[in-house]
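Here the structure is laid out as structure tokens; the discussion comes afterwards.
The values are calculated or read from the model by the stated rules, or taken from the named source; none is laboratory data. It should be emphasised that the depicted structure is a prediction, and the values quoted were computed from it without experimental measurement. Cβ coordinates were reconstructed from backbone atoms using ideal geometry, including for glycine residues, and neighbour counts include every protein chain displayed. Just the protein is used for accessible areas: all its heavy atoms, side chains included, with ligands, DNA and RNA removed. Shrake-Rupley method; radii C 1.70, N 1.55, O 1.52, S 1.80 Å.
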Amino acid sequence: MSSAAPRLPALLAALGQRAPRGMVLGLDRVREALAALGDPHAGLAAVHVAGTNGKGSVCAMVESIAREAGLRAGLYTSPHLSRFAERIRIGGEMIGDAALEAALSAALERVPSPLTFFEALTVAAFVAFRDAGVDLAILEVGLGGRLDATNVIAAPLCTAITSIAFDHEALLGPTLADIAREKAGILKPGAPAVLGPLDPEADAAIESAAQAVGAGPRVRVGRAEHRGRAGEIAVGRAGPGGRATRVAGPGRGAIEVELGLRGAHQAENAGVACGVAWQLAGRWPEIERALPAGLAAARWPGRLERIDAGGAQVLLDCAHNPHGAQALAAWLDEEGPGAARTALVFGAMADKGWGEMLQMLAPRAQRRFYVTPQGRAAAPLEALREVAPGEPIGDPGAAVARAIEGAAPGGLVVVAGSIYLVGEVRSALLGIAPDPVVAL
């Protein structure tokens with residue numbers, strides 16, 4: 001720990017103690033805290049991104065594009081994989097210890113009422129962005145949108161909703177329309193909105209919410225059944241072997257680039273990121289020229305990330321719901337070494353759709369190892385075995401070691417099912433000393 005931040009360990013411990021209070025949705029406490037700190041969010045030029053899956057990848061792409069354009073960008077995402085500081089990035093780097101100490105001390109000690117874990121980090125991010133003088137703040141919604149702590153941003157330059165799928169139904173509602181309405185809570189009067197490919201039920205709910213709030217123009221990434229129709233952003237494959245992605249927007253020239261992020265699903269995320277960037281280009285024209293380089297340079301740890309572990313290849317993917325597992329399964333079908341040479345280390349939170357996830361992933365791995373991720377209650381190992389035969393090991397490190405030990409030449413060890421599992425394994429493989437696990 002840097003000597004420039006002697007109080008940081010105590011502040012991080014105090015922050016972690018807020019986690020057992022759980023998630024408390026609402027904006028009043030955050031607004032009160034920000035007012036006490038001089039409303040650091042009020043003057044930020046911001047992009048606000050919601051969605052069931054893909055929102056972190058889109059944020060990473062937009063941040064990379066902004067930096068390639070010469071802007072000083074701030075990025076706020078959740079959760080972290082190893083360190084709390086990952087959630088607040090400035091200029092492409094994790095926030096430094098001294099800046100994190102200053103921001104956390106403000107959020108934890110200078111506000112009228114105690115904040116939850118996520119609220120405190122959100123307030124700290126706004127303080128950090130103000131103090132760093134960022135040109136653009138890119139904000140990922142934590143959960144939902146309407147009542148998420150990030151939704152204190154009143155006039156974003158642009159909003160985006162990447163996808164709508166079933167997740168957190170107990171909090172967001174039992175139907176796609178219910179979930180869509182909650183995520184559409186980030187739409188603001190006059191602010192343009194970029195929408196990823198959506199189910200018609202979700203699209204209709206978001207369009208209704210947009211009209212009710214007086215949102216700015218909506219630009220959609222074309223759905224598979226009518227991609228490329230007038231007024232939509234069209235995405236597709238290009239180049240030798242189809243390894244590049246082609247994005248064409250309304251009134252814009254096409255861009256062809258090999259994306260920095262793996263997976264066919266990232267093409268649609270790139271379409272959303274381009275849509276956001278095109279909106280920002282009215283203020284910063286240099287952003288349009290930076291699009292290809294920014295998309296190529298974007299990185300997002302734990303998303304189809306390969307790590308060489310003693311000669312064996314470990315693939316880390318934060319798929320933690322059925323929609324994410326479907327994208328991972330599609331990648332394995334297209335680019336994986338085949339089930340006979342694939343091992344799966346799987347663990348999930350009990351409140352996720354772990355049965356459906358495992359049904360998708362299990363046929364794509366001949367060897368399966370089931371583990372218990374840290375954090376809140378995990379899916380029982382024996383219940384996982386009932387879905388698909390596998391070895392219940394429990395400890396993620398031991399399971400990964402077992403999978404690596406028996407890996408076939410040219411094989412792949414896939415770790416998926418929980419973001420917290422991926423963070424734990426990634427920290428161990430890369431020798432990162434992780435901060436305490438916080439299941440939020």
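Over the chain, average the accessible area per residue using a 1.4 Å probe and give it in Å², no decimals. Can you show the working numbers first?
On the way: 16590 Å² over 440 residues.
Normalised by residue count, the accessible surface of the chain is 38 Å².
With a cap of 13 neighbouring Cβ atoms within 10 Å, and only residues DSSP puts in a loop, list the GluC sites (Glu not before Pro) found in segment 169-272. If you can, show how the numbers build up before the last one.
On the way: sites: Glu169, Glu182, Glu201, Glu207, Glu225, Glu232, Glu256, Glu258, Glu268; in loops: Glu258.
When the GluC sites (Glu not before Pro) of segment 169-272 are filtered for loop state and at most 13 Cβ neighbours within 10 Å, Glu258 remain.
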Between beta-carbons, use under 11 Å as the cut-off and find the net charge around Val387, counting Lys and Arg +1, Asp and Glu -1. -1
Would you grab the residues whose amide H sits under 5 Å from the one on Ile164? Only those 5+ places off in sequence or on another chain, please, with H modelled 1.01 Å from N. Thr52, Asp199
Pick out, from Ala398, Ala19, Asn269, the residue whose Cα sits farthest towards the positive end of the charge dipole of the chain, with +1 on the Cβ of Lys and Arg and -1 on the Cβ of Asp and Glu. Asn269
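Just to verify a number: FRET efficiency for Ala254 and Leu171, C-beta to C-beta distance, R0 = 60 Å, to 0.05? Working shown, then result.
Numbers: r = 40 Å, r/R0 = 0.66.
So, using R0 = 60 Å, E works out to roughly 0.90.
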Quick check for me: using +1 on Lys/Arg Cβ and -1 on Asp/Glu Cβ, what's the dipole size of the chain about its Cα centre, in debye to the nearest 20? 440
Rounded Å value of the spacing that divides the Cα centres of segment 263-326 and segment 146-181: 21
Computed from the coordinates I sent, percent of Cα pairs over 35 Å apart equals one of (i) 27; (ii) 34; (iii) 66. Tell me the label. (i)
Rounded to whole Å and sorted largest first, list the principal axis extents of the Cα atoms in segment 251-368. 51, 35, 20
On the accessible surface of segment 314-440, probed at 1.4 Å, how many percent belong to carbon and sulfur atoms? 53
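With only Lys, Arg, Asp and Glu charged, each at its Cβ (+1 for the first two, -1 for the last two), find how big the charge dipole of segment 248-338 is about the Cα centre; round to the nearest 20 debye.
Values: 7 positive and 11 negative charges, 71 e Å.
Value, rounded to 20: 340 debye.
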What distance in nm separates the simple spin-label points at Arg306 and Glu405, each placed 7 Å from Cα in the Cβ direction? 2.6
Fully extended contour minus Cα-Cα distance, from Arg243 to Val213, at 0.36 nm per residue: 6.8 nm
Quick one: compute a quarter of the convex hull surface over the Cα atoms of segment 300-428 and quote it in nm². 6.6
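Report the local net charge at Ala407: Lys and Arg +1, Asp and Glu -1, summed over other residues whose C-beta lies under 14 Å from its C-beta.
+3
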Could you compute the net charge surrounding Ala85? Neighbours are other residues with a C-beta less than 10 Å from the C-beta of Ala85; K and R count +1, D and E count -1. -1
Quick calc, segment 138-267, dipole around Cα centre from Cβ unit charges on Lys, Arg (+) and Asp, Glu (-), nearest 20 debye, gives 520
Rg followed by Dmax, in Å, when segment 359-426 is reduced to its Cα trace: 11.6, 36
Using 0.36 nm per residue of separation minus the Cα-Cα distance, give me the extension gain between Asp333 and Asp178 in nm, one decimal. 52.6 nm
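Please work out the FRET efficiency for the pair Leu27 and Gln359, using the Cβ-Cβ distance as r and a Förster radius of 56 Å; give the result to the nearest 0.05. Spell out each step's value before the answer.
Details: r = 38 Å, r/R0 = 0.68.
Approximately 0.90, to the nearest 0.05.
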Out of the DSSP beta bridges found with both residues in the chain, what percent are antiparallel (nearest 5)? 35
